[in-house]
Structure formats: C-alpha cells, structure tokens
Amino acid sequence: MERTNEEWLSDLKESSPRFDAAIVELRLVLQKGLSAGLKKWQGLNKETLEDIIQDVLVKIVPKIDTFQGNCRFTTWALKIGVNTAITELRHRRWRDVSLDEIIESGGMNFLSGNMSNPSYSPEKQTIQHLLMDTLKRLITTELTERQRKALMAVRIQGMPLEEVARQMGTNRNSLYKLLHDARLRLKKAILKEDLTPEDLIDSFISS
Amino acid sequence: MTDPFQKKTSRFLKKLFTFAGTRNKKMQKGSMDMDTIKQMVRGIMTTRADEIDCAECFEQLDQFVELVLAGKNISDAMPLVQHHLEHCPDCKEEFEVLLKALRSIT
C-alpha cells in the first residue's frame, strides 16, 4: 500500500527505524518516474540516472520539512528529481556551445529569409513582410543588447534559459525577468505602430 | 471510449506545444521558419504585466500537474502558472517530463 504524506515525512527522518526502507522505496519511485519521463532525452544512460537519483535523494532528505503538503509527497519529490535531472542534461548538452558564437553566426538575419507561404494570398504575404520588417526594427531599436542577446538565444536558437543565464553571468529567474521585460517593451512598441490588431491576428496569431 | 479528462489534458498540452514552441527543432544558421516567428509574435502579444517567474512557477508546479492529471480546469485554478508555462520553454519542458513521470508511477 502506498505511504501517506505523513508516513513519508515521518519515515524519512534519519532517526526513524523505517528510514532505510523509505529511501529504498523513494529511490524506486524516482527511478521509474525519471526513466519514463526522460525516455527520449539524449545522454541519459543507467549510470547517469543513478548519479542523478543519488543527487536528488541528497537534496530531498535535508529539506523534507519544506514540503508543504499541497500535493502528494511523491509528486513533490519527482518535481525536484525532474528539475535536477533536466538541469544536468541541459548542461551536458549545451556546455560546449558558445552563446556569443551562435548569436554572431545568426545575427539579425533571422528575419530576412524568404518565409512566404505560397498558399497565402499576396495581400497576406505583404502584411507578413511588413510585420517582419517592423519586428526586426523594434528588436534593434527598443531592446537593450542583453535583452536582444537573450531573446535570440532562447527564442531563435532554442538554448535553455538555464544555460543562457550561466553564460551571461546571471540566473534563470533573472533571465526570465529580462525576457519578460523585453516582451513587454516589444508589445508596447508594436501596439504603437500603424498596424491593426487584425493585421497581427491574420498574419501571426491565428494559424 | 476516450476519457473526457484525458481529452481535456490533451487539448491543454496541444495548446502548450503550439504556443511555446518545440525546443529540439534544428535551427539553420541565420534563418528561421514562419512557425518560429509566429510563436515569437504570439509570445510578445500575449505578454502580461503580472507574470510569475520560474521560481514561483516551480513552487506551484506540483499542485498544477496534479490538477492537470485530475482533469481540472487549470485556466481557472492556476492561470498564472499556465501563462508562465506558455512563455517559458524550460519550465514547459520540465512540466511535460513531470507529467510523463507521474503517469508512469500511477
């Protein structure tokens, strides 16, 4: 039978006689959950998974008192497990990729390719070109260099926020705030342009 | 017969996928496709002043994922977490893995 939250909390106290059994059970939950959740992720072999699970257990046990009981204990534990595992896998995947190099190679050319969809009407294609020119101009004039760099890396190059933050000497939370501010600035600037909401909806919002 | 909760969850996941984009898409140097542009414009135009950050999202993600699994209406229950997941590819990715992980143990 599955342990209740209260049983997990009391059994995972190091002084509990059921401590070892609870650790074994929690390890199994993490093993099963992380193996299934991360099945398609590259770089996750058995050894890496075991290392990650060990790290997660070391993280969870000392901060068990911070569990607020708003969900199942196993959900909370897996949330920490997933975050720890993905952070490690992202780092392994991106640690040798230079942010400056990928920004330099991409630059602002990202909006200049021919992206016309032949199935669109000439009028719709014209509006899309106008909007793309506007977007490119606003990204260049409205954003700071850091905002532009972060936006390019995350949105265009698909780099994880965590890794962009590391290379920019900040953390994921601050980077999200930087990007949020960039989106707010661009939204305000777009709304000031001579474009109707219908133009945007027709060309970009609706699929 | 399809479980209505599962159907609702699938619709929500589909929305997240089309909104925040897919991370593993290969980008060609110096160019991008229209879908990426669309996602970027959608992301800009749906920006709210009161967004929560990654730490606040992480704090509530366990409750959120349990509501999704229970087929509850997340837009009403936790709109700010849902909005954050629509705008943050890292948190969205963690949510998706957590959902799969929980499905495997229940």
**Message:** Here is a check on your reading of the model: is B:ILE44 at pLDDT below 95, crowded, with 20+ Cβ neighbours inside 10 Å and not small (Gly, Ala, Ser)?
**Reply:** yes
**Item:** Flag for A:LEU12 being in contact (Cβ under 8 Å) with a residue 24 or more places away in the chain and more than 14 Å from every other protein chain (Cβ to nearest Cβ)
**Value:** yes
**Message:** Every residue in the range A:86-107 that is facing chain B (nearest Cβ under 8 Å) and more than 16 Å from A:VAL164 (Cβ to Cβ), please.
**Reply:** A:GLY107
**Prompt:** In this structure, does A:PRO118 turn out to be part of a loop (DSSP other than H, G, I, E, B), at pLDDT 95 or above and loosely packed, with under 11 Cβ neighbours inside 10 Å?
**Reply:** no
**Fill in**
How many residues of the range B:51-106 are touching a Gly at 6+ places or on another chain (Cβ under 7 Å), among the β-branched types (Val, Ile, Thr) and under 23 Å from A:ARG166 (Cα atoms)? The answer is 1
**Request:** Taking the residues in the range A:51-90 that are acidic (Asp, Glu) and closer than 23 Å to B:GLU96 by Cβ as candidates, determine which candidate is farthest from the chain's Cα centre (by Cα).
**Result:** A:ASP51
**Request:** Could you list, in sequence order, all residues of the range A:67-85 that are within 10 Å of chain B (Cβ to nearest Cβ) and part of a helix (DSSP H, G or I)?
**Result:** A:PHE73, A:THR74, A:THR75, A:TRP76, A:ALA77, A:LEU78, A:LYS79, A:ILE80, A:GLY81, A:VAL82, A:ASN83, A:ALA85
**Message:** Need a quick list: helices (runs of 4 or more DSSP H) entirely within the range B:27-106 having at least 2 residues that are at the interface with chain A (Cβ under 7 Å from one of its Cβ atoms).
**Reply:** B:34-45, B:54-69, B:89-105
**Complete:** Scanning the range A:8-36 residue by residue, those among the acidic types (Asp, Glu) and surrounded by fewer than 15 Cβ atoms within 10 Å (Cβ to Cβ) turn out to be A:GLU14, A:ASP20
**Item:** Top-ranked residue in the range A:145-165 [being within 18 Å of A:ILE86 (Cβ to Cβ) and of a type in the set (Val, Ile, Thr); ranked as modelled with the highest pLDDT]
**Value:** A:VAL164
**Request:** Could you list, in sequence order, all residues of the range A:153-178 that are assigned to a helix (DSSP H, G or I) and more than 10 Å from every other protein chain (Cβ to nearest Cβ)?
**Result:** A:ALA153, A:ARG166, A:GLN167, A:LEU178
**Item:** Single unsatisfied condition, A:LYS40 versus (1) within 11 Å of chain B (Cβ to nearest Cβ); (2) part of a helix (DSSP H, G or I)
**Value:** (2)
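The values are calculated or read from the model by the stated rules, or taken from the named source; none is laboratory data. Model, not experiment: these values are computed from the prediction. When we count neighbours, we look across all protein chains shown, and the Cβ atoms used for this are built from the backbone with ideal geometry, even at glycine.
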